[in-house]
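One structure is given below, encoded as structure tokens.
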Amino acid sequence: MALIDLFLARRVKRGQLTVHHANGATTRFGTPDPAFRDVTIRFADKGAANFIVRNPGLGAAEAYMDGRLLVEQGDIRDLVNLLAGNDPWEVGGPGLKPSAARRAVAAVTHRLNRINMARKSKRNVAHHYDLSDRLYDLFLDADRQYSCAYYTDPEYSLERAQADKKAHIAAKLALKPGMKVLDIGCGWGGMALYLHDKTGADVLGVTLSEEQLKVARRRATEAGVADKVKFELIDYRHVTGRFDRIVSVGMFEHVGPAHYRAFFRKCRELLTEDGVMLMHTIGRMGTPGVTDDFTAKYIFPGGYSPALSEIVRGYEGLRMFPTDIEVLRLHYAYTTDDWFDRAVAAKDQIVELYDERFYRMWTFYLAGASQAFRYGGLCNYQVQLTRSRLAVPITRDYMFEEERRLRV
């Protein structure tokens, strides 16, 4: 039996996977299960299966991108969910694990790649966020919220869930009119514009993406609030001044563990004495680890999703109060499902912008992200920190009350 068959026989028990090998042989694994769609794949050449086995995560991605792994029944998300759903994080079941030697090499490589000095950080950001504006319009909501939405009901639309996410975060900031807010990693400006619109706060958004900066500034000008909502191309390490509130959504993943303490120290320096910060980041529910090879190579070079222990070590000893920590579990799975559906619907436009290989890479990325939050060890953390123990009320009622007001 081929090594790929041994792997799949151990891995696939629930749901059915049919494999057509390049030599004409067909094998089936598992049994039909209503929790999973049946999937059929084909290896286009004799070397594809062994290529995948040598490094399953990266190998499967590249084989799919290059047309060596074809999905003939179902789609790439169905395949990824079938494999991941048979080996969920909380069970820690079998599977073809990387060798100790490869894990050691990966740990060293990723540790070096996560040292994000200012110039390298800008290159890493440009790799992902300076792609064509049109691409993001094809799969994001109209406000271009490129981070985990908040599904107060899983049946809600992406637009509703992203609006609820902004309300959820704004409520935790306990904003008052006239306050000064710093948005670190402001993206295309949606959060900054929302905070000003709903609370009257003055907001400075900072980004390292030149393309995002252009869009954010244009949006502020078109809304007639460019004097109240400003955007700058600057690394957070170089920001000066004092702010009543700091918000950072989906940026901490790009900081790198070597810089966590510097990040929180800088935030403390920028906060007023009664200031509040809210950080929203992808995180891992287990122990510290390494970024998977596919994501590090193709999607977010230098990126890393921290364990909660790493976040805590970043701010402990800096005399900041952790006044609220929330764990969002399935919300990003729902979000990336919506993104995947929209990307698939826009296949022709994405292929026209780039090519077929890019489209397959992008959909593999979104499918992989979906399963990582549905079956894997990833979640989202929202961490609220203050400089004063009196900066926010001692119960969470204020959050609920403000969130309800903002949703209306």
### Message
Report, to one decimal in Å, the Kirkwood hydrodynamic radius for the chain based on all distinct Cα pairs.
### Response
22.4 Å
### Message
Could you sort the peptides 386-393, 370-377 by per-residue average Cβ neighbour count (10 Å cutoff), highest mean leading?
### Response
370-377, 386-393
### Task
Round to the nearest 0.05 the FRET efficiency obtained for GLU90 and THR221 when R0 = 60 Å and r is the Cβ-Cβ distance.
0.80
### Message
Quick check on region 207-339: take the gyration tensor over C-alpha atoms, sort the square-rooted eigenvalues as a ≥ b ≥ c, and tell me if it's rounded (a/c under 1.5), prolate or oblate.
### Response
oblate
### Task
Using +1 at the Cβ of each Lys and Arg and -1 at the Cβ of each Asp and Glu in the chain, identify which of ASN86, GLY15, GLY185 lies farthest towards the dipole's positive end.
GLY185
### Query
Peptides 344-350, 7-13: what's the order by average Cβ count within 10 Å, highest mean first?
7-13, 344-350
### Task
Report the calculated FRET efficiency for ARG407 and ASN50 (r = Cβ-Cβ distance, R0 = 51 Å), to the nearest 0.05.
0.45
### Query
region 134-192: D in µm²/s via Stokes-Einstein (Kirkwood Rh, Cα pairs, 10 °C, 1.306 mPa s)?
126 µm²/s
### Query
Taking each full run of DSSP H in the chain as one helix, which ones are at least 30 Å long along their axis (Cα atoms) and have mean Kyte-Doolittle hydropathy of at least 1.6?
none
### Summary
Once normalised by the length of region 200-282, the mean sequence separation of its alpha carbon contacts under 8 Å that are 6 or more apart gives a contact order in percent of 31 percent
### Query
Is the shape of region 294-408 best called rounded, prolate or oblate, per the rule: a/c under 1.5 gives rounded, else a/b larger than b/c gives prolate, else oblate, with a ≥ b ≥ c the square roots of the Cα gyration tensor eigenvalues?
prolate
## Note on the structure
Expected field for ASP274, accessible surface area in Å² at 1.4 Å probe radius, rounded to 10, holds 90 Å²
### Task
Quick one: of LYS13/LYS166; LYS13/LYS46; LYS13/LYS172; LYS230/LYS347; LYS46/LYS347; LYS172/LYS214, which pairs are farther than 32 Å apart, Cα to Cα?
LYS13/LYS166; LYS13/LYS172; LYS230/LYS347
### Query
Can you pull the Rg over Rh of region 215-286, Cα-only, Kirkwood?
1.02
### Task
Once you have the Cα-Cα distance between ALA2 and THR152, take 0.36 nm times their residue separation minus that, and quote the gain in nm to one decimal.
49.4 nm
### Task
Go ahead and set up a Gaussian network model of the chain, Cα springs under 10 Å, then flag whichever of LYS180, LYS46, LYS198 fluctuates most.
LYS46
### Query
How would you classify region 1-71 from its alpha-carbon gyration tensor, with a ≥ b ≥ c the square roots of the eigenvalues: rounded for a/c under 1.5, else prolate if a/b is greater than b/c, otherwise oblate?
prolate
### Computed lengthening from SER388 to GLU273, 0.36 nm per intervening residue step minus Cα-Cα distance
40.7 nm
### Task
Over all alpha-carbon pairs in region 347-400, figure out the percentage whose distance exceeds 12 Å.
76 percent
#### Entry: Förster radius 22 Å - calculated FRET efficiency between ASP66 and ARG28, Cβ distance, rounded to 0.05
0.30
### Spatial separation of Cα centroids for region 55-88 and region 313-389, in angstrom
19 Å
### Task
Taking amide H positions as placed in the peptide plane 1.01 Å from N, state which residues far from ILE246 in sequence (5 or more) or on other chains have amide H under 5 Å from it.
LEU182, VAL276, MET277, LEU278
### Task
Run the quick spin-label model on ASP397 and HIS20: label points 7 Å from Cα toward the beta carbon, then report their separation in nm to one decimal.
6.5 nm
### Message
Please compute, over every Cα-Cα pair in region 278-342, the percentage with a separation greater than 13 angstrom.
### Response
73 percent
### Query
Hey, can you rank 168-176, 287-295 by average C-beta count inside 10 Å, highest first?
168-176, 287-295
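The values are calculated or read from the model by the stated rules, or taken from the named source; none is laboratory data. For clarity, every value in this text was computed on a predicted model and none was experimentally measured. Glycine gets a Cβ as well: all are built from the backbone with ideal geometry, and neighbour counts include every protein chain shown. These accessible areas exclude ligands, DNA and RNA; they are computed on the full protein's heavy atoms, side chains included. Shrake-Rupley method; radii C 1.70, N 1.55, O 1.52, S 1.80 Å.
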